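Colleague: Sending over a structure as structure tokens; questions will come in a sec.
The numbers here are math on the coordinates, done by the rules we state, and not lab data. Everything numeric in this text was worked out from a predicted model, so none of it was measured. Glycine also receives a Cβ, built like all others from the backbone with ideal geometry; neighbour counts cover every protein chain displayed.
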Amino acid sequence: MVLIILPTYLLAQKNKEDLTAERNWIEQQLATTSRLIKVAKKNRQAASSQVALIDKQIELREELIRHHQSSIRSLERSVRGTDSEIRSLEGHIEALKDEYAEMIRQAYRLQLSSNPLMFVFASEDFNQASHRFKMLQSYAEERKRQAIEITKAQTELTHSRTELTIERASVEAALEDQQKEMVALSKDRESRAELLAELKQKESQLREKQKAQEKERKRLNDEIKRIIEAELAAEKASSKGEFALTPEGKIVSEAFEKNKNTLPWPVYRGVVTADFGRHAHPTIPGIVIESNGIDITTDANASVVTIFKGKVSSVFSLPGAGKTVIITHGGYRTVYSNLQDVSVVKGDDVERGAEIGHVLTQSSGTTVHFEIWKVAGSTRSPQNPKSWLQPR
């Protein structure tokens, strides 16, 4: 009787590895967000960014709690599977022992155990003696096989019981982690409510500040549009009045498009604190912000890197927006604003991941503004960077 059982821990290993990788990623994001919140708390003028960071932290904690719930369900399934495996192994061992006992009883009845050679010598003829000798050999081999199988099954049973103990401890640890995250989530929500109440008292001041920021944003948007149009006009003029991508430009454009949703972020660590498109202001009721890109809050003096290979088509400065770099990728442009310094000049060829400068730190925090534009043919449209960058 041979029973092959694939251990539950092997079946669940890939799932556990996936869950562990997901948890590690969330915890890394939480660590970055928590660190940026501490920096923002020291700067009371970065209140809007602080609210956005707390919102991100709440989102990550909720995601981590959902992860813990998935882990607990997975571990509980594994525990049930190991329980079932143990019951199967126990039944298998009992059946093997019964078979072994029956074999011993039959052997005694046939005098195979007490005097096996007499069993052979008592044969009536040579053929019967040969048959009985082969029977003795088979009996010995079967006893050996049965003993080995019983030992193997008992070893598997011991391993499964150890695995079950570990899994049950893991369930308890996951439940404890989940409870800690729920407590932390509650504190985050309290902090957000307190901060909003504090900002409510300064609403008139914040509205004035928001008007000034909107003027700066509009000035930057207009300048980016103007420069992109000037670049395209120059390309059209060099093509004798017909705008068309060069063969190399077409190749770069196609490669850029194929990398959609997998492009690296312009900073190694950071949190999006202002989204693309139209969205409500995080702290001032009734204010709607419209943005052609995203704002990413990051560490002071963080490096800014290119998301794809291309050519630097413009470098310029604006008061309140630091330095801006525009890079051409065939029919696409990427824009990196609010830099304190720039290490490239117009005409430079850059590779993916090349450092082009560092983020400027202002009273509102350390934030890089990033945009992606599609400019092929007659198209002049800003793209949502989150649709192009790696999920984060």
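Colleague: Once both labels are modelled 7 Å past Cα along the beta-carbon direction, what's the LYS38-ALA237 spacing in nm?
Modeller: Once both label points are built, they end up 5.4 nm from each other.
Colleague: In Å, what Rg and Dmax follow from the Cα atoms of segment 203-387?
Modeller: 16.5, 55
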